[in-house]
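Below is one structure, written out as structure tokens; comments come after it.
The values are calculated or read from the model by the stated rules, or taken from the named source; none is laboratory data. Everything numeric in this text was worked out from a predicted model, so none of it was measured. Positions of Cβ are backbone-derived with ideal geometry, glycine not excepted, and every protein chain shown enters the neighbour counts.
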């Protein structure tokens with residue numbers, strides 16, 4: 001039986017290992033080994049090299065035409081397998097042999113074939129395994145009778161008791177064969193499954209029993225819709241022209257470029273056998289990889305053609321290479337994947353004033369991306385908490401696959417970089433560093449630390465919090481002006497900390513872009529808002545929004561260590577956006593970094609002060 005799902009949803013939020021609810025049914029995405037050889041190839045050499053795979057594939061599409069011949073799509077398995085009838089409350093352990101083509105599971109005991117619904121509680125473990133709770137053992141765990149402990153009949157009922165508080169104490173699993181029963185009170189408590197001697201099954205719901213792994217973890221009982229059931233690890237890349245490598249002028253690189261063989265392959269066809277043999281000879285002679293030699297050839301050809309980026313990038317660093325590409329003036333209208341143009345913040349005929357001058361002094365470059373292409377790939381997932389590589393469940397599980405599921409989407413965007421000298425002076429202020437240091441201490445103690453460090457780098461810098469918050473404010477403001485839904489706008493932050501000795505320039509910028517899997521990705525309204533003087537007005541309005549929140553003073557003075565302690569002055573009323581729009585899960589935000597307060601100097605505080613003074617002069621003029 002086929003269920004419809006968007007191709008983009010097979011990556012997030014209903015990718016491999018995720019639970020997908022469909023009209024009362026509950027399904028889970030199977031690993032990509034079940035795709036076979038199906039699926040259209042998605043090209044992204046940079047992302048493939050970073051993830052150590054050869055290529056990507058998009059989920060195989062199914063024709064929506066009813067007259068088209070049937071073909072397989074993405075495999076999903078029914079989970080949980082324990083279902084119950086809402087009328088008679090009988091529980092059924094559903095098996096694949098019970099499936100009927102084109103029909104949802106139904107109760108065989110009730111007249112009218114009432115549909116069965118899935119149980120709401122499942123078990124997961126920190127190593128990524130997921131399975132049904134052993135409801136038979138749960139029902140018999142409080143009955144000391146030997147007959148109850150030996151009861152093997154599947155005659156369970158999920159019953160609701162009258163009275164009570166309406167919580168878990170009014171729900172119970174009842175075995176009508178031996179009379180054993182137990183309520184669900186305390187089932188989600190830590191160690192609840194350990195008390196009934198339940199261990200981790202060591203498998204995923206779609207795996208066969210013989211494919212299970214030995215897992216010593218104690219499983220945790222959770223609701224199947226809980227937020228800790230699934231933490232996908234998704235990587236993305238903006239497809240750009242070849243960037244200039246930061247190691248292109250190293251001693252090894254210069255030695256290779258000075259070799260006679262290198263000059264020979266500069267004019268050779270890269271598909272010819274002679275090219276491959278020469279690359280291999282150079283790699284062996286200079287003790288480098290063949291990929292390094294090929295990269296130098298591509299880089300040199302780009303330089304000769306005048307298409308190389310003027311800002312050097314760290315090889316293999318996706319963000320560094322994108323940063324370099326955006327800063328390089330290139331108006332190649334023939335490139336279908338990456339077409340950018342640099343524009344001014346203010347219009348040429350616009351009268352200069354203090355507000356415009358102060359804002360232009362802090363914003364370095366504005367780049368409009370009329371066309372861009374993004375590739376998103378799902379590497380795997382975690383359960384319980386987002387951990388490291390040791391607990392990552394790969395999209396292919398243990399199967400030997402050299403590819404990952406991915407989608408490519410096209411859209412448009414606005415890139416903004418901040419003035420590095422102004423930003424460095426602001427970052428060195430003791431009050432700014434102390435405020436961010438407190439946020440970093442909380443980050444280190446958070447279960448999200450490992451995942452967020454991939455975005456921030458080894459050190460949480462003030463510029464990351466500043467630029468990340470600015471991106472959120474711009475998304476909220478642009479949603480009013482551009483014609484796009486707020487959920488169609490996404491951010492990409494270029495402010496990750498790293499070693500300054502790697503040869504690449506420091507990053508301080510953001511990209512607000514559309515990359516939706518439908519027609520909303522290329523309407524043109526976002527780029528139009530980046531034209532002068534519209535963007536200047538948008539930035540000023542976003543900063544004005546940051547000055548006041550309907551939850552102030554609670555929001556602006558929020559320093560309490562709560563569940564949202566990874567934010568300071570930020571809430572749903574002022575700075576938070578949709579989860580699909582933020583790359584950091586709506587964490588690491590602080591409006592004070594932009595506007596300042598009585599203790600911290602905001603980066604854009606002088607701009608706001610000038611704007612307020614200018615508005616005051618306007619009011620006096622009216623009087």
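Some points to look at:
- Test for residue 366: is it buried (at least 21 other Cβ atoms within 10 Å of the Cβ), in a strand (DSSP E or B) and in the same structural domain as residue 328 (by TED's automatic domain parsing): yes
- Each residue in segment 430-461 was checked for being under 20 Å from residue 509 (Cα atoms) and assigned to a loop (DSSP other than H, G, I, E, B), and 5 pass.
- Answer from 351, 347 - the residue that is surrounded by fewer than 14 Cβ atoms within 10 Å (Cβ to Cβ) and either closer than 30 Å to residue 495 by Cβ or at pLDDT below 85 (or both): 351
- Single residue of segment 445-459 satisfying the filter (within 17 Å of residue 320 (Cα to Cα) and in contact (Cβ under 8 Å) with a residue 24 or more places away in the chain) that is surrounded by the most Cβ atoms within 10 Å (Cβ to Cβ): 456
- Residues satisfying the stated conditions in segment 46-65, i.e. over 14 Å from residue 401 (Cβ atoms) and touching a strand residue (DSSP E or B) at 6+ places or on another chain (Cβ under 9 Å): 46, 47, 50, 58, 59
- Sole residue being surrounded by 18 or more Cβ atoms within 10 Å (Cβ to Cβ), touching a residue at least 12 places away in the same chain (Cβ under 8 Å) and outside any loop (DSSP other than H, G, I, E, B), chosen from 376, 341, 410, 422: 376
- Within the option set 529, 507, being modelled with pLDDT under 95, under 20 Å from residue 418 (Cβ atoms) and part of a helix (DSSP H, G or I) holds for one residue only, 529.
- Considering residues of segment 161-173 that are outside any helix (DSSP H, G or I) and modelled with pLDDT under 90 only, the residue nearest to residue 147 (Cα to Cα): 161
- Test: residue in segment 211-224 that is more than 30 Å from residue 380 (Cα to Cα), assigned by TED's automatic domain parsing to the domain that holds residue 119 and touching a helix residue (DSSP H, G or I) at 6+ places or on another chain (Cβ under 7 Å): no
- Residue within segment 86-106 that is touching a helix residue (DSSP H, G or I) at 6+ places or on another chain (Cβ under 9 Å), in a loop (DSSP other than H, G, I, E, B) and assigned by TED's automatic domain parsing to the domain that holds residue 25 present: yes
- Condition broken by residue 158, with the remaining ones in (1) out of contact with any helix residue (DSSP H, G or I) (no Cβ under 9 Å at 6 or more places or on another chain); (2) not in a loop (DSSP other than H, G, I, E, B) satisfied: (1)
- Residue match in segment 27-43 (condition: in contact with a helix residue (DSSP H, G or I) (Cβ under 9 Å, 6 or more places away or on another chain), over 23 Å from residue 81 (Cβ atoms) and either not assigned by TED's automatic domain parsing to the domain that holds residue 99 or not in a strand (DSSP E or B) (or both)): yes
- Verdict on residue 496 being in the same structural domain as residue 354 (by TED's automatic domain parsing), over 23 Å from residue 355 (Cα atoms), touching a strand residue (DSSP E or B) at 6+ places or on another chain (Cβ under 7 Å) and at pLDDT 90 or above: no
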